Structures are given as structure tokens and as C-alpha cells.
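**Q** Okay, here's the structure, questions in a sec.
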Amino acid sequence: MAIKSSKKNQSKICIISYDVIGKNMAGPGIRFYEFAKILSNYLDVTLLTPNKIDIDTEGFKTRQYKIDNYKSLHRYVENSDIILIQGHILYYFPFLKNFKGKIIVDLYNPFNLESLEMFKDSNMEERIRIDKNNLNILKFQLTIGDFFICASEKQRDYWIGMLNAMGRVNPYNYDSDSTLRNLIDIVPFGIPSEPPLRSNLSIMDVIPNIKEEDIIILWGGGIWNWLDPITAIKALWEITRSRKDIKLVFMGIKHPDPKLPEMKKCMEAIKLARELDLYEKNVFFNEWTPYKLRHTFLLGSDVGLSIHHERIETEFSYRTRVMDYIWARLPVITTEGDSIAKMVKVENIGEVVKYENTNQLARVMESMATNKSLKEIYRKNLNKIAPGFYWENVTRPLVKYCVNSYCAVDKRKIIELIDLQNSKISKIIKNNFEGCSNVLKITSNKYRDEKIIDKRDVGKIFCLEVDDDFVILEDEDSKLDEIEILKSKITQRAKFDGIIVSNAFSKITPKFFYDLTSVLVSKLKRDGLLFFSIPEKRGFYKLFGEGKKDDRSGARIDDFTIEFILKNAGFEIIDKGIWDKIEYTAMSSGENGMDEIYGKNELFELFEIKLSKEEFKDLKLLSRLDILDSEGLAEDKTVKGKLKRYMYFLTSMYFENLRKSYNQSVKAINNNIQVQINREINELNRKNRERLLLIYFDIFRTLHREIKSLGYDISSLREILGDIKPKSISGLNIDIDQKLDVLLRDFENIDRIMGLTVSNKYYLAKMT
């Protein structure tokens, strides 16, 4: 199905390439160059590169940035709707974490696995540093991205595992799309739909020692440390024992990007070719082949070669050179172990060999190079599969996203929370700064804070953006004092009616705040207002700051010191606050608000337990004690018997009273047992209820503390949580526990790494 885009309302996308793009370029550069060509049919595309592009760029704009100057990139992405990034670009430009639009991350190249092999011969300390740095960059990418693309299903499995570890596979993204294709999809490396055309230039013009009748086996692309050119050269050496007309050509040995180090494997390959007396005779090394001239090598060759070692990198790689072989319909020889090898075998477009098996590789190379009927079968199969790899076909998931771009659901929730926080600050500022004609706003994130103050409420706004880690330098003898730098940026302007410092400085020491206040006082009119918010320390600075030396005066400033310095500088504090107020507007109104949120449970269903007499078994009391009815006493009619009967009568009266007393005591004990048991059970019930209340209170207090630290009230939070339909004015029929848990736990990485910092406290002061 065709994807349509309105030319009248095109989104703007900046494709930021870390790799060189031009006449000479490698896989990552080629990929982004082709992306720019395809996406220019649907969007307003700007391709940003570290070099000046010297090839055709019809249909899209190009701009050059400098690695050591973030402003060269900043001004181009500022007004974009989407950015597409890859590789180490975030290491040099971490400010991209604050990009206000959508972020696409291309994960087709798992550079962390490549680096394990690339720097294998370095010392362990350096290797660990590089590995940790790569992992931090990957975490950064996986956290801030809205949409991810990779090259194969195998890679997708790998990246989903990483996304899951970063908390991005969560109920919000799952409910949005249970397949997670809206979060990460596959965009393989592609090929042009136009077939390669023969030109007047041939491979023999580039390499004079090759003859027209020679059979060429082509090693497309560069020689990287994770590949295996050694086995290929040894295999050719075996072939040369019987025939000399099969030649091995390495298409490029020097990467066009000067940032990349020289590969050890490349030097070993050249050395081996010399030792076997094959160099410039049967094995040829070309420096690098321009992108537009690669068809000369491809069309002049008979077989394409892609040989690698058994490494973890192999399992998740996607050999782009094989795509060029498919484009030129070259039969493929590749090593087992990766997704490309599976495709070669299933589609029958070449042969798959075992790792480092010189004899097998030699036999396959000779057979494929000379067997014309076998090559014809491979070419027919190549013709069948080639259209599926055309750039316009493989990029469909990317185009689909760009035309109808969206923020990742989980990331959008956090951003909405930040917007909510900004709205609270905005309300305070509007109520106090409205009518000011000249306002200075100092912030560490212009994108995040652009809505804090409405330009319609004030006159001119001079915005000064500072770095997140703007702190006092440790070196007291340094020529650059950061306070002086700040002062120099505002000193040429007239005095301001108001100054707003919004989350600008993450580390505030007493000395720094004193110096900063002195600068601000000098630029503020009499009766001018100062709003100063102090953020929580979060974000990318903390993540990447590991291993950095802390400054000597790193103690965080306290509230008393802030107020003392402000008053000493001539300020009157007219308002201050901490974002810890939780409003229960809808929750507390109504008798059953809590029940409607939590539902009926043991806490609210406990009641007085009353015991019934029927539950007790009747006790048998003593019946009448009449000893005068004994037969022996009745038959004795003598005087002695009468006297005895008289004495027994007196005794019977005594025992009868004793019996009655005993029965009354037993009845009293019976009643008392019921009362005692009832009291004890109800006391236990009361204690358990108190314990449960304390447990629930602790749960609520923990949740509220988490929310308080972000500064949100419950009523506003409900609107953000989503899928909430108010049941009544008095409460909500939702499982808010689960939603808050997802919000506060799964979003932890996004909040931390993106540096979506919110104010912890604020001060509003007036010059006196």
C-alpha cells in the first residue's frame, strides 16, 4: 500500500550521520544517504554530516556540523519535528536528549559488539573504559528513542532484550501495540532499484595487473578486525598451485572516516599476501572505492566474498557488502553463523562455508568461479530476491513512522508530567511577572522551558541557555571563571525588570550561589523580581559523570543559606515553596472515595465481633441435694433414728444453700467467659486494624513521596495516567496502585537519562 504525504504540510526531519558521507563512504554513511533520498519524497529532509558532502543531494538539504562545536548542530535541529540518529552521535551531542520532537534511533550496527574485537589488543583498562562508554551510549539511545529500527529479526530479538532491561517494554507500550512493532521494527540495508550500469572504466583500469581473461573474486567493503581475510588469502594461495587466473581483490582497506583507527587485521592481510608472494600478483588491495564507482568492481567480478570469524559480533551482524553482491547479481560465498548466511543458503544464491576452513573455502572459490551453469542458477535466484531489498521497499516501516510520527507512549507520559510541572511554575511566574517589559530567562534546557513564560504576558525575553553541569571550576588559577562567563553574556544589556532562573544549575554551592546572586543583582532594576527554582539532581550528567572528580566545594546549599544570601543581597523573599503538596480534591470529597479506588477489602470491612450464648454448650448445674430421702434413714423408727434424721435435715439445709451458691457461681463464670472472649477478640481486631492502617498509610506515604518529589497533585496526575473514566465526583473506578507503580518505576530510566529534571523548590524575591 502506498504511503502518502501532504506536500503542503511536510514534517521536518534532520538525519544526523556520525559517519562520513560523500564520494567515499562506508555502510553507515551509505545507509543514511539512501534514507535521505527516500524520505525526501515525503518529508522536508536535512542531512547533517561531519564533512562537506561532495555528491549529488538533489531533493534534500545538507549541512555540515563540527564534533567539537555543539552549536553547529544545535541550530539545525532546533526547528525540526523528527531527528534520526545512530552510533556515537549522542556521545558528542548529549543535548539531543532534550530534543522536543520525535527521536528515531537506528540500531542496525551493534557497535558495542564490534568494539570488543576492534580493541582486543588494547590494555584491559582501556578496553573496559571503551566498553562502558559504549554501553552508556546504548542505554542513552534506548531510553530517549521514540522509534527504533534494526536490520534483522535476530537483531530485533537482541534489542528487545535491551529495551526490556531499560524498562521500555512496559504496559504502556504493550497496550499500544502488543507486537511492539510500533516501538521497534526492521529496516535492512538496501540496494538501489536501478541496476548497476557498465561504464567505460573497468576494473583493469584501476588495477593494471589484472588481465581481461582473469576470474575475479571480490572482497567488497573494508577489512575489519572481526572479519577473516587471512583464510581467504590462504585459500587463494592453495588455488594458485594449480591455476594463476583466479584473482582476489579487496575493494577498500582505508576507511574514509579518519576518526576510525587503522585495523590490525588489514595490516596482517597485507603482510600475509607479501609473505606468500601474492601481493599485487594474485591478491590486490585497493585503497577505497568511491560509492558511485563501486559498480565498476562489482560488474567486473565473478564472485562476491564475505568471510568472518566465529564471534558474538557475527551472530548479530548484517554484512552490507552482501547487499552490493545482490545488486550486481554476484553469487555469494559467505561464512556460516549470521542472518545473511541463512539467507544465502535458503534462497540458494551462493555457498556457505565453515569458519576458518581453508581447504573448503579454496574448493568453493574455484568451483563457483569456473562453473558457469552453477553461476547461472545463482543469478536467477538473485533476480528473484533483489526487488525485496530495494531501498524504497526496505524503508517502508521507516517511511510509515515518519509520515505519521508519534512519541513513544511511555515517554510521552513522562513528558506530560514535566509539562504539568512547567504549568505550575508558569502560573506562579505569570501571576508575578505579567506586565514586565524586559525579562532575562536563564535555563539549562530551552526546549523544556520554552512554555514556562508566555511571550504575550511580558515584553522582551532574553533567553540564556547554560550547560547542565555549570559549576565552579576546581582550578582556582583558571583563567575561565564560569560566573564571569555568565556575567559577560548579560553585561552588555540593559537592566531587567525580572529574572527567571529555571532549573538552570544542578549543583549549587554556597559560594556559587553568592557569586551568582551578585551578578543577578547588578542586572536587576529596583523592585525587580527574581524567580529561582532549584532542581533535583538527575539525568545524563550523573550517568556519564561516573569516574569524574568531584569539586572540593560540592556540598549542596541549604535553605537557610539561600535565604540569608538573598536577604543580604537586598532581596525581600515574597514567596517560596516546595513541590510537596498533594491535593485530594476529588479523592477526599465523598464518603466512599477510598473504597471506589481500592474496592472492598479487609481494611474497610473489619467490624465488632459479638459472641452469642447459643455458641456455648449449656453447663449442667447441680440438682437438689436431698439426703433425707435415703431408704436407710426412712426405715429406722427408733429414737436414735429420729435424732439422726434431725441431724441430716440440718446438714441438708447447709448443702442446699451450697448447691445454689455453686450454680450461681457457674452461671456468673459462663457469662464472664463470653464477655472476656468478646473483649479480647475485639481488642485483637482493633490492633490488627491499626496495623493494617499503618501498612496502608505507609504505602500511600511512599507513593505520595514519589509524587511529591515530582511536584504533582493527584487531580492533575489522574488526567495523565490515561484510561481513567471518573465514576463520580467522589472518586475513581480505577486500579490506581498499578498505574502509579508503572509510572514511577518503568519510567525511571527515561526520567534519569533524559534529564527530565523538575523543580524541587523555588524562591520568589523582590529587590528592595
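The values are calculated or read from the model by the stated rules, or taken from the named source; none is laboratory data. All values reported here derive from a predicted model rather than from experimental measurement. Neighbour counts are summed over all protein chains in view; Cβ atoms, including those assigned to glycine, are modelled from backbone coordinates with ideal geometry.
**Q** Does Asp146 count as of a type in the set (Asp, Glu) and in contact with a helix residue (DSSP H, G or I) (Cβ under 7 Å, 6 or more places away or on another chain)?
**A** When the stated conditions are applied, Asp146 passes them.
**Q** I'm trying to understand the selection: among the residues of region 207-241, which are in contact (Cβ under 8 Å) with a residue 40 or more places away in the chain, out of contact with any strand residue (DSSP E or B) (no Cβ under 9 Å at 6 or more places or on another chain) and more than 20 Å from Met118 (Cβ to Cβ)?
**A** The answer is Lys234, Glu238.
**Q** What do you reckon, is Lys23 surrounded by fewer than 23 Cβ atoms within 10 Å (Cβ to Cβ), touching a strand residue (DSSP E or B) at 6+ places or on another chain (Cβ under 8 Å), part of a loop (DSSP other than H, G, I, E, B) and not acidic (Asp, Glu)?
**A** Criteria not met by Lys23.
**Q** Taking Trp219 as the residue in question, decide whether it is among the aromatic types (Phe, Trp, Tyr) and crowded, with 21+ Cβ neighbours inside 10 Å.
**A** Yes: the conditions hold for Trp219.
**Q** Further question on the same structure: If you scan region 457-515, which residues turn out to be modelled with pLDDT of 75 or more and touching a Gly at 6+ places or on another chain (Cβ under 9 Å)?
**A** Val458, Gly459, Lys495, Phe496, Asp497, Gly498, Ile499, Thr509 - these are the residues of region 457-515 that are modelled with pLDDT of 75 or more and touching a Gly at 6+ places or on another chain (Cβ under 9 Å).
**Q** Restricting to region 58-95, and then to whatever is among the hydrophobic types (A, V, I, L, M, F, W, C) and assigned to a loop (DSSP other than H, G, I, E, B), can you tell me which residue is modelled with the lowest pLDDT?
**A** Among those that are among the hydrophobic types (A, V, I, L, M, F, W, C) and assigned to a loop (DSSP other than H, G, I, E, B), it is Ile67.
**Q** Checking Lys120 against (1) surrounded by fewer than 17 Cβ atoms within 10 Å (Cβ to Cβ); (2) in contact with an Asp or Glu (Cβ under 7 Å, 6 or more places away or on another chain); (3) among the basic types (Lys, Arg), which single condition isn't satisfied?
**A** (2)
**Q** List pairs: first in region 62-78 and under 18 Å from Val20 (Cβ atoms), second among the hydroxyl-bearing types (Ser, Thr, Tyr) and in a helix (DSSP H, G or I), Cβ under 8 Å, 6+ apart or cross-chain?
**A** Arg63/Tyr76; Gln64/Ser72; Tyr65/Ser72; Tyr65/Tyr76; Lys66/Ser72; Ile67/Tyr92
**Q** To continue, here is another question. Only helices (runs of 4 or more DSSP H) wholly contained in region 226-337 count here; list those with 2 or more residues that are modelled with pLDDT of 90 or more.
**A** 229-239, 264-275, 320-327
**Q** Quick test for you: out of Gly547, Gly539, pick the one residue that is modelled with pLDDT under 75, in the same structural domain as Gly570 (by TED's automatic domain parsing) and surrounded by fewer than 22 Cβ atoms within 10 Å (Cβ to Cβ).
**A** Just a single option satisfies the conditions, and that option is Gly547.
**Q** Against the conditions (1) more than 30 Å from Ile89 (Cβ to Cβ); (2) without any contact (Cβ under 8 Å) to a residue 60 or more places away in the chain, where does Lys265 fall short? Just the number, please.
**A** Unmet for Lys265, out of (1) more than 30 Å from Ile89 (Cβ to Cβ); (2) without any contact (Cβ under 8 Å) to a residue 60 or more places away in the chain: (1).
**Q** Hey, could you check region 49-83 for residues that are within 20 Å of Lys292 (Cα to Cα) and aliphatic (A, V, I, L, M) and say which is surrounded by the fewest Cβ atoms within 10 Å (Cβ to Cβ)?
**A** Ile55
**Q** Only residues that are among the polar types (S, T, N, Q), more than 27 Å from Ile340 (Cα to Cα) and without any contact (Cβ under 8 Å) to a residue 24 or more places away in the chain: list them for region 122-173, please.
**A** Ser122, Asn123
**Q** Going residue by residue through region 386-395, is there one that turns out to be modelled with pLDDT of 90 or more, acidic (Asp, Glu) and under 30 Å from Arg243 (Cα atoms)?
**A** no
**Q** Looking at (1) in contact (Cβ under 8 Å) with a residue 24 or more places away in the chain; (2) touching a strand residue (DSSP E or B) at 6+ places or on another chain (Cβ under 8 Å); (3) hydrophobic (A, V, I, L, M, F, W, C), which is the one condition that is false for Ile270?
**A** For Ile270, the failing item is (1).
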